[in-house]
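Inspection log for the structure reproduced underneath, given as structure tokens.
The values are calculated or read from the model by the stated rules, or taken from the named source; none is laboratory data. Just so we're clear, the structure is a prediction, and the values are computed from it rather than from any experiment. Heads up, the Cβs are rebuilt from the backbone with ideal geometry, glycines too, and the neighbour counts pull from every protein chain shown.
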Amino acid sequence: MFDTDTLFDDPQVIGPLAPVTYLLTRTDDIFDRYWRVVAQDIGSNLTVCTDGFRHVRKIRPDSTQAFSLLSPDSGSALIIPSGLFSWETAIDPDSLDEQVLYGVYFQVGYSISIIDTVNSTSVIVDFAAHPFIEQSDTVHWWVVADSDYPAMQRPSRQVWTFINWNVPAGETPRLPHTFALQPAYPNPFNASVTLTYSWTEFAEIELSIYDVTGRLVTTLARGATAPGEYSLLWDGTANGTQLSTGLYLARLIAGNNVDTQKLLLLK
């Protein structure tokens, strides 16, 4: 017996069935059903076999549709420390009464600020409470749609940027045009070496140090990161231990791109 609630006052009855298992197939996207089993003897006397009931839910893989950012246009400059950010509706056809919520992400370097549980396709953001954004030149932003039936997330098609309101005219920073691990400086090095690297798309990145045998020595940076140019200082240590003189390899991975550079440590 199947019903849409626990009262079973208008159930869908399947049977009588001789076996103790039954394969139920349906073609609709989603359904919630409560079910229980009854036994019927030859005299049509009914006995509830199960002490209670069970709940079953059928869902298809997430079908939330892709959506795009609308405004402000990528690369535009804010003239005041606030702005209206808008995007297309991320339609989720799994359930007509489901509400899709949004999270708006702002990233500078490895610092990310999130405005979550937005129930519309636009939000006015005041950056007065975001000091790391105020101190930056270029800010990356994107939107993630949350659908809870099933619980899935779909990011916007784009990761856009805006220029900080404090950047003087004519000094708009530019995004890198290539994926690259720039020449390290100084190299050879003794106390520390500066590694500068860049990529052009939002990606999972990893910057690691290996010895000449290919053994991983230490990982300097890892995670989902917005496009841009970054620099960091490596002091020739791994887990707090100073490494010995020798040749090492710095390897940068961003998406499907890989670049490697030799580093000579002198002690």
Note on the range 57-111: residues of a type in the set (Ser, Thr, Tyr), at pLDDT below 85 and surrounded by 18 or more Cβ atoms within 10 Å (Cβ to Cβ) are THR64
Among the residues of the range 219-241, the number that are more than 21 Å from the chain's Cα centre (by Cα), in contact (Cβ under 8 Å) with a residue 40 or more places away in the chain and not in a strand (DSSP E or B) is 2
A careful count of residues in the range 104-134 that are touching a residue at least 12 places away in the same chain (Cβ under 8 Å) and more than 21 Å from GLN65 (Cβ to Cβ) gives 17
Picking from SER244, SER208, the residue that is in a loop (DSSP other than H, G, I, E, B) and not assigned by TED's automatic domain parsing to the domain that holds VAL108 would be SER244
Of LEU216, LEU252, LEU263, the only residue that is touching a residue at least 12 places away in the same chain (Cβ under 8 Å) and out of contact with any Asp or Glu (no Cβ under 7 Å at 6 or more places or on another chain) is LEU263
